[in-house]
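Working notes, structure below.
The values are calculated or read from the model by the stated rules, or taken from the named source; none is laboratory data. All values derive from a computational prediction rather than experimental measurement. Ideal geometry is used to build each Cβ from the backbone, glycine not excepted, and the neighbour counts take in all protein chains shown. Side chains are part of the model used for accessible areas, which takes the heavy atoms of the whole protein and leaves out ligands, DNA and RNA. Shrake-Rupley method; radii C 1.70, N 1.55, O 1.52, S 1.80 Å.
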Amino acid sequence: MKIAVIGGTGMVGSAVVAEAAGRGHEVVSASRSGRHAEGAAQDVSLTLSDTRALVDLINASDATIISVSAGRGESAQPAIDAHRALIAAAPTGRLVVVGGAGSLLTPDGARLVDSPGFPEEYKPEALAFSEVLDLYRGADDALRWTFLSPAPAFTDKPRTGSYVEGTDEPAGGEISVADFAVALVDEAEKDAHRGRRWTIANA
């Protein structure tokens, strides 16, 4: 398969590039800098706001994984606007969107981001990804997307190759970056969660 990774030099994106390349896929890493991501067959300079170029890359790939942060130390609005523009452009390729854990729900139906004690520094990004999730849920049925939320905590524990799944409530407390990458590449290969949000955690 040809898999594009938007944000391929970031924490999650670089792990995805390595995982996909390790499985024998042709990987295109796209990032603001265009610097090389280990395992990528091609590196391109591209941002999420470059809608036309992004659509061309998505349509030329078997699956595209979008792993780009929103609002981390800066305004989240550009990321929200970029996803809105991408949805409006209606790419025909498949999208696997990395979202945050803040939009996951507690047992009483409240979002994690609205829970007492949710870290203030993470709220802008959590609220942005909640809005982005709503945008995808409101998209035309022809758009081929899925949205993966991580467990509330990322770890740097070694890859196990396994994980447990949930839908809108956390499946567990943590997920390693390596196993999150496994799940993203699994989804790129299998297209098992089209048109919905899901979440994973380490068992």
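Could you list, in sequence order, the residues of the stretch 159-181 that are aromatic (Phe, Trp, Tyr) and either over 21 Å from Val17 (Cβ atoms) or part of a helix (DSSP H, G or I) (or both)?
Quick first cut of the stretch 159-181, residues aromatic (Phe, Trp, Tyr) only: 163, 180.
Correct list: Phe180 only.
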Would you confirm whether or not the stretch 16-23 contains a residue that is without any contact (Cβ under 8 Å) to a residue 40 or more places away in the chain, part of a strand (DSSP E or B) and open to solvent by 10 Å² or more (accessible area, probe 1.4 Å)? no
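Residues are listed down the side, and each one gets a yes or a no for (1) in contact with a Pro (Cβ under 7 Å, 6 or more places away or on another chain); (2) part of a helix (DSSP H, G or I); (3) touching a residue at least 24 places away in the same chain (Cβ under 8 Å):
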{"position": "Glu121", "(1), (2), (3)": "no, yes, no"}
{"position": "Ala142", "(1), (2), (3)": "no, no, yes"}
{"position": "Leu148", "(1), (2), (3)": "no, no, yes"}
{"position": "Lys157", "(1), (2), (3)": "no, no, yes"}
{"position": "Ala183", "(1), (2), (3)": "no, yes, yes"}
Qualifying residue in the stretch 107-120 (condition: farther than 24 Å from Asp62 by Cα, in contact with a helix residue (DSSP H, G or I) (Cβ under 7 Å, 6 or more places away or on another chain) and not β-branched (Val, Ile, Thr)): yes
Restricting attention to the stretch 70-117, which residues are among the acidic types (Asp, Glu), under 27 Å from Gly173 (Cα atoms) and either modelled with pLDDT of 95 or more or open to solvent by less than 10 Å² (accessible area, probe 1.4 Å) (or both)? Asp114
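Which residue out of Arg35, Arg84 is in a loop (DSSP other than H, G, I, E, B) and charged (D, E, K, R)? Walk me through how you get there before you give the answer.
Details: Arg84 fails: in a loop (DSSP other than H, G, I, E, B).
Being in a loop (DSSP other than H, G, I, E, B) and charged (D, E, K, R) holds for just one of Arg35, Arg84, which is Arg35.
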Mind telling me which of the residues Val132, Val113 ends up being in contact (Cβ under 8 Å) with a residue 60 or more places away in the chain, assigned to a helix (DSSP H, G or I) and touching a Lys or Arg at 6+ places or on another chain (Cβ under 9 Å)? Val132
